[in-house]
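Chemist: The structure's right below; bear with me while I get my questions together.
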Amino acid sequence: MTDPKQHATRRRLFAQPFSNSCITTFEPPIRRKVDLAVSKIRRDAEQGSADILKWFTFMATDVAGELSFGTSFDMLQHEQKSPYIRDLETAMMISGIRSELQPLLKLASYLPLRSLRHALAINERLNSYGHEAIQNHKAHVAAKQGPVATSLFSKFLDPKKNQELSDAEIEQEASNLIVAGSDTTAVSLTYLIWAVLRPDNSHIRERLMNEISTLPLDARGSDLGSLQYLKAVVDEALRLYGAAPGSLPRVVPIAGTILGPYHIPGDVTVSTQAFTIHRDPNIFRNPERFDPSRWENPTQEMKDAFSPFGAGSRTCIGIHLAMLELLLGTFLFFKRCPTAVLSPTTTNESMEFENYFLIVPKSHRCEIQLRQA
């Protein structure tokens, strides 16, 4: 929504469902998904190697599906990508191309190529998935037969409580959450694990392992908040490997504004990008170095520049959900796979960024193994 008043009104509607206290109530189903993903990773690694990017993508998408629609996509159980996931991946690529090459993509839409038209119709298909899921969940809520699964959108599906959003708007918001909350979390968690497992970061791994050993395997998400180094590792991964490091456009109000020493005319689009800001050597010492300890005593400049979830009134509303998944995912992975090492197939070159708005390793894999005792 480009209109600030419309956006503020919509954001207020979702402020309570996406608050930290509300997200905490969803911890049990989230933890089950994270647990299952780590179990599959350990199983595969015991048999040879495990692709953590694959399993974390299934995990994050299942979580987003359950919290959006009240039902999981069950990617973890089926152990394969559904048509929805394949469409989601295409949508991410197209959105990146669209943001940079909108005129070219518009011209391409007139080409009589079936495969191209199929790809460009991606949003309609994603919305159709959302429509079906929301209608099923709405019917389940209305019937009240047996325990009713709750979701972040449950209150909007009860006509006695919802006077604000139409079914179409609910479906759109739910579909948006799936798009925004799946690959993003999976990619950042994958890069975090990769960074910690790199041989030159063995001191980071040792310190992290020592800290998480102070809590039992069934520690709650709120308990993880006491692990300061774990939080620092997550923040450092988000600084260097936040999933959306590219340009985030904003339109200057008609009256214009002052940015630093510059006057920017009204109706001009300006952008910031976390990739550049997070690597500013004037703010972050040795910016290319993965160094969680920098967050133990961060400067105010570091705090102000840190924006993996955006900034201001448009900050990602799913920040609490993402942080819970990242903390739980890191904690449970190193608890259950303490001897994990990178596979020979996982190299610095294979983990270079491929960037279509969201980053992903150019190999589209990140394999680990378990070191023999």
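Values quoted throughout were computed directly from the atomic coordinates according to the rules given, and no laboratory measurement underlies them. Given the structure is predicted, the values throughout are model-derived calculations rather than measurements. Counting neighbours? That spans all protein chains shown, and the Cβs are built from the backbone with ideal geometry, glycine included.
Chemist: May I ask you to derive the relative contact order of the chain, considering only C-alpha pairs under 8 Å and at least 6 residues apart, and to give it as an integer percent?
Modeler: Relative contact order of the chain: 24 percent.
Chemist: Where the centre of each part is set by its Cα atoms, how far does the stretch 173-236 sit from the stretch 47-67, in angstrom?
Modeler: Comparing the Cα centres of the stretch 173-236 and the stretch 47-67, I get a distance of 15 Å.
Chemist: To continue, here is another question. Under the Karplus relation 6.51 cos²θ - 1.76 cosθ + 1.60, θ = phi - 60°, what is the ordered set of whole-Hz ³J(HN,Hα) values for the stretch 324-338, x standing for Gly and Pro?
Modeler: Running phi through 6.51 cos²θ - 1.76 cosθ + 1.60 with θ = phi - 60° gives 5, 5, 5, 5, 5, x, 5, 4, 5, 4, 6, 6, 9, 10, x Hz.
Chemist: Roughly speaking, what is the stretch gain from ARG279 to GLU46, that is 0.36 nm per residue apart minus the C-alpha to C-alpha distance, in nm to one decimal?
Modeler: Taking 0.36 nm per residue and subtracting the Cα distance, the gain is 80.2 nm.
Chemist: Structure shown: which of LYS81/LYS138; LYS5/LYS303; LYS160/LYS303; LYS303/LYS335; LYS81/LYS303; LYS40/LYS303 lie over 32 Å apart, alpha-carbon to alpha-carbon?
Modeler: In this structure, LYS160/LYS303; LYS81/LYS303; LYS40/LYS303 exceed 32 Å between Cα atoms.
Chemist: Using a Förster distance of 25 angstrom, determine the FRET efficiency expected from the C-beta separation of PHE353 and ILE319, and round it to 0.05.
Modeler: The calculated FRET efficiency here is 0.65.
Chemist: So I have [x] 138; [y] 166; [z] 186, and one of them is volume of the Cα convex hull per residue in Å³ calculated from this model. Which one is it?
Modeler: [y]
Chemist: Right, here's the next one. So how do 333-339, 364-370, 309-315 stack up, highest first, on mean other-Cβ count within 10 Å?
Modeler: The most tightly packed comes first, giving 364-370, 333-339, 309-315.
Chemist: Please work out the FRET efficiency for the pair THR345 and SER213, using the Cβ-Cβ distance as r and a Förster radius of 30 Å; give the result to the nearest 0.05.
Modeler: That pair, THR345 with SER213, gives E of 0.55.
Chemist: Rounded to the nearest 500 deg cm²/dmol, what is the calculated helix-only ellipticity per residue at 222 nm for the chain, with -39500 (n - 2.57) per DSSP H run of length n ≥ 4?
Modeler: That calculation yields -17000 deg cm²/dmol at 222 nm.
Chemist: Looking at the stretch 255-301, which GluC sites (Glu not before Pro) are DSSP coil and have at most 14 other C-beta atoms within 10 Å of their C-beta?
Modeler: GLU288, GLU296
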